[in-house]
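Notes follow once the structure below has been shown.
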Amino acid sequence: METEGMRELYDRNRATFVVENGIVSCVHGDTTDRWSTESLDGASLLCFLEEMGGGGYYDELIELLREGCSQKEIETSIASQEGGTVNLTIHVHVLSPGYAIGIIEDRTRKVETERELARTLKSLEDMKYALDQSSIVAITDRQGRITYVNDKFCEMSGYDKAELIGGTHRIINSSYHSREFFKKMWRTIGSGDVWKGEIRNRARDGSYYWVDTTIVPLHNEEGKPVQYLAIRNDITDKKRNEEKIRHMAYYDHLTGLPNRRMFDKQLKEAVQEAGRRPERFGVMFIDLDGFKYVNDTLGHLIGDLLLIEVGKRLATMVAQKGIVSRLGGDEFAVLIREIEDPEQMKELADRILKGFDSAFIIDDYELHVTGSIGVTTYPESGQDADTMMRHADLAMYRVKGAQKNQYHLFNVHMEESTGRLFDIQNGFHKALDTNQFHMVYQPRVNPDNLRIEGFEALIRWDHPEHGDIPPGEFIPIAEETGMIHAIGEWVLHEVSEQLWKWRRQGFSPLPVSVNLSPNQLLQSNFVTKVLSIFQGYNIPHEWVELEITESMLIENEAVVKSLLSRLQEEGFRIALDDFGTGYSSLAYLRKFKFDVMKLDRSLIQGISEESNDKEIVEAVISLGKSFGMTVVAEGVEEEEEMEVLRGIGVDEVQGYYFSHPVYADQINNMLLTKSMKTGR
Ligand code: C2E
Ligand code: CA
Ligand code: CA
């Protein structure tokens, strides 16, 4: 390899001249300080030779000039201008009688130049060695034929040199990259630029490996690429990690199906595609009916297995026609690309529903679940991804609200009739921002002396269009949409602020109970969050009671138990709400020590001295007391109910009989007397 620098070295130590009729002219030289021919232009040949140390050859040269055709090489030495000697070689070419041209070369320098060249070659060797150690190296000719590969190349690809040299890189092509990818690469290096990129290759044994690749074109004298040097580094591990992360981000960990994020991405792509050429596609929302029951009764392990099986069955039914995704919980979605007309989606929905006919066998259980399906098609029921999803959701809710195990194709009228649901689903943020929520408080009263023992805090939503929306309607939706976190936090803030106000107004503290939703309790840092909220208002924890329902414990027993214990250690009281509905499993009463048991209204309603219910309630009350719990009866509306409950030893009563839930300032009057005189 000859570098620019070396060529320069050669040029710099030469001088050329012309001899004509005994006179030296046209002296040119890129000589150095050590020797110079500058002053010799126009000198006689004799003088010139003497200056260059070759005076002794004068006669011989005159003879040659006379003959008119010959050449002569003369070696001389002269004193260097810097001291020391300079060894010169004078080449003389006699071209015609009396006419010659000549070149003088610095031999000393030439030796040095050669040494320098050797040094350069050595460092190139070193570089090559280092490169070979660290990288996969290949050189190809202009046509892409491999002319050199190093050992690492062979190691990585599993091919030996003989198999590779003379062939092209097609041998390790993994068909992963598009033609356009390689075309672009060739365009870049073909025009002499360096190309960098990541390439997936296939080794001889069929395995894939990723290389980070730099291709450097090597140029000829005209600057045209004649060879390509490819330096690659193995990044298979890095790629695998990336892939893993991608998989985690885009696939559901339980079922392995694409997750919501992936589904959204695909749906957006479908919309974009369809915008380019007239194309139809369909979306399906599938919500399982009866899944919660399985989860609650058989535990979430069985629930998880069931979801996996449902996912598999859906994937088989949809097969190549589209993608099945698990959006979360027991919600699945299907995207079918390229449909002819909406009928096709109906057929598929029918088939999916039929698919639910046969039971899922999990462990020893034969489980039956069905699905409620909402269907939308592009472009009929939405022109963008969000609208399509929203409409599929609406259509699905239509089924849920009615008969279940059915499908519904979205139509425009649906949106109007489901407007309320839609407004609730989408109104939470605004409600929080514009103070549409407020809290009301309902007293809990000691039936013996009618003293107020505490309050339950209940949320209210005053919706600008729909008026009062009861919490029983919007809380489940907030749980589904995840908005319960923000709302739950707002409630805790509100209540602690109210406690702070009462304290500032000089009322001695009465405990207030707050309802917690399952999801809320399970959010990360819940305990820390609660602590910091009450600390912010400097509220002693004894004033706060947290109400949870049994279903929370059933679903996540271990986690919930430890969370509740921590809260109790911090001084909060924990109440078991709605006892008497659902399972009322005694097992939970044994496993976790609640401070309060709240009997559901359904147990209390219509209770009288004569009714059989009285005995049941009495038994439940003594059971609760035996576990050391304060027993509260909820939903007490009638005087008779109150009397009976007092008779059988209930600790506190709460209900319309004493007071509806009311605004905080109305509570102030009650706090002044701290006792409820009589009802309504
Ligand atoms: P809950 O915890 O069982 O609350 C008691 C419900 O019974 C309240 O309904 C209350 O207004 C009602 N009630 C009280 N006394 C009587 C009575 O004598 N007769 C009748 N028929 N009803 C009575 P509300 O306020 O509509 O709340 C419904 C449910 O919404 C609550 O049931 C609770 O589960 C949930 N909820 C309310 N506020 C919140 C909250 O801030 N956060 C959470 N997560 N849930 C809340
Ligand atoms: Ca409650
Ligand atoms: Ca309750």
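The values are calculated or read from the model by the stated rules, or taken from the named source; none is laboratory data. Just so it is clear, the structure is predicted and the values come from calculations on it, not from any experiment. So basically every Cβ, Gly included, is an ideal-geometry build from the backbone, and we count neighbours across all protein chains shown. In case anyone asks, the SASA skips ligands and DNA or RNA and just uses the protein heavy atoms, side chains included. Shrake-Rupley method; radii C 1.70, N 1.55, O 1.52, S 1.80 Å.
Restricting segment 107-143 to residues that are over 40 Å from the mean Cα position of the chain (by Cα) and modelled with pLDDT of 85 or more, which is farthest from residue 32 (Cα to Cα)?
This residue is 143.
Quick grid of which residues meet (1) in contact with a Cys (Cβ under 6 Å, 6 or more places away or on another chain); (2) more than 13 Å from residue 454 (Cα to Cα); (3) not in a helix (DSSP H, G or I):
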site: 637; (1), (2), (3): no, yes, yes
site: 643; (1), (2), (3): no, yes, no
site: 646; (1), (2), (3): no, yes, no
site: 649; (1), (2), (3): no, yes, yes
site: 655; (1), (2), (3): no, no, yes
site: 659; (1), (2), (3): no, no, yes
site: 665; (1), (2), (3): no, yes, no
site: 668; (1), (2), (3): no, no, no
site: 671; (1), (2), (3): no, no, no
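Looking only at segment 178-203, how many residues end up being closer than 19 Å to residue 237 by Cα and part of a loop (DSSP other than H, G, I, E, B)?
Total meeting the criteria: 1.
Can you tell me how many residues in segment 499-525 are open to solvent by 40 Å² or more (accessible area, probe 1.4 Å) and within 16 Å of ligand 3 (Cβ to nearest atom)?
Count: 1.
Testing residue 582 on (1) modelled with pLDDT of 90 or more; (2) on the phi > 0 side of the Ramachandran plot; (3) within 16 Å of ligand 1 (Cβ to nearest atom), one condition comes back false. Which one is that?
Every condition holds for residue 582 apart from (1).
Do you know which of the residues in segment 565-575 that are without any contact (Cβ under 8 Å) to a residue 40 or more places away in the chain and under 10 Å from residue 593 (Cα atoms) is nearest to ligand 2 (Cβ to nearest atom)?
Among them, the one singled out is 574.
Run residue 659 past the list (1) closer than 20 Å to residue 596 by Cα; (2) touching a residue at least 24 places away in the same chain (Cβ under 8 Å) and report the number of the one that doesn't hold.
Only one criterion is unmet by residue 659, namely (1).
Inspect all residues belonging to segment 495-505 and state whether any of them is of a type in the set (Phe, Trp, Tyr) and more than 16 Å from ligand 1 (Cβ to nearest atom).
Yes, segment 495-505 has at least one match.
In segment 502-518, which residue that is more than 16 Å from ligand 2 (Cβ to nearest atom) and closer than 13 Å to residue 457 by Cβ is modelled with the lowest pLDDT?
Within segment 502-518, the match that is modelled with the lowest pLDDT is 510.
Those residues that are small (Gly, Ala, Ser) and surrounded by 13 or more Cβ atoms within 10 Å (Cβ to Cβ), I need them from segment 143-162; list them, please.
144, 157, 158
Of the residues that sit in segment 565-583 and are open to solvent by 50 Å² or more (accessible area, probe 1.4 Å) and in a loop (DSSP other than H, G, I, E, B), which one is farthest from residue 600 (Cα to Cα)?
Checked segment 565-583; the qualifying residue farthest from residue 600 (Cα to Cα) is 570.
Could you check segment 519-564 and list, in sequence order, the residues that are within 16 Å of ligand 2 (Cβ to nearest atom), of a type in the set (S, T, N, Q) and not in a helix (DSSP H, G or I)?
Within segment 519-564, just 549 meets the criteria.
Here is a list: 104, 189. Which entry is surrounded by 13 or more Cβ atoms within 10 Å (Cβ to Cβ) and touching a Ser or Thr at 6+ places or on another chain (Cβ under 9 Å)?
Testing whether each residue is surrounded by 13 or more Cβ atoms within 10 Å (Cβ to Cβ) and touching a Ser or Thr at 6+ places or on another chain (Cβ under 9 Å) leaves just 104.
Tell me which residues, restricted to segment 58-71, are surrounded by fewer than 16 Cβ atoms within 10 Å (Cβ to Cβ) and modelled with pLDDT of 90 or more.
Once the filter is applied, which keeps residues that are surrounded by fewer than 16 Cβ atoms within 10 Å (Cβ to Cβ) and modelled with pLDDT of 90 or more, segment 58-71 yields 59, 60, 62, 63, 66.
Taking the conditions exactly as written (part of a loop (DSSP other than H, G, I, E, B) and within 16 Å of ligand 2 (Cβ to nearest atom)), does residue 632 satisfy them or not?
So residue 632 fails the test.
Output the number of residues of segment 519-554 satisfying the condition of being at pLDDT below 90 and within 15 Å of ligand 1 (Cβ to nearest atom).
Residues in segment 519-554 being at pLDDT below 90 and within 15 Å of ligand 1 (Cβ to nearest atom): 9 in total.
Condition first: part of a helix (DSSP H, G or I) and out of contact with any helix residue (DSSP H, G or I) (no Cβ under 7 Å at 6 or more places or on another chain). Can you find one or more residues in segment 251-264 that meet it?
Within segment 251-264, one or more residues are part of a helix (DSSP H, G or I) and out of contact with any helix residue (DSSP H, G or I) (no Cβ under 7 Å at 6 or more places or on another chain).
Could you check how many residues of segment 450-480 are within 12 Å of ligand 1 (Cβ to nearest atom) and at pLDDT 95 or above?
Going through segment 450-480 one residue at a time, the tally reaches 7.
How many residues does segment 100-114 contain that are part of a helix (DSSP H, G or I) and of a type outside the set (D, E, K, R)?
Matching residues across segment 100-114 total 3.
Which of the residues that make up segment 42-57 are among the aromatic types (Phe, Trp, Tyr) and loosely packed, with under 15 Cβ neighbours inside 10 Å?
Within segment 42-57, none qualify.
Answer yes or no: is there a residue in segment 481-492 that is free of Cβ contacts under 8 Å to residues at least 12 places away in the same chain and open to solvent by 30 Å² or more (accessible area, probe 1.4 Å).
No, the conditions are met nowhere in segment 481-492.
Say we look at segment 30-41 and pick out the residues that are open to solvent by 50 Å² or more (accessible area, probe 1.4 Å) and not in a helix (DSSP H, G or I); which of these is farthest from residue 108 (Cα to Cα)?
41
Only residues that are more than 49 Å from the chain's Cα centre (by Cα) and within 16 Å of ligand 3 (Cβ to nearest atom): list them for segment 634-653, please.
The answer is 636, 637, 641, 645, 650, 651, 652, 653.
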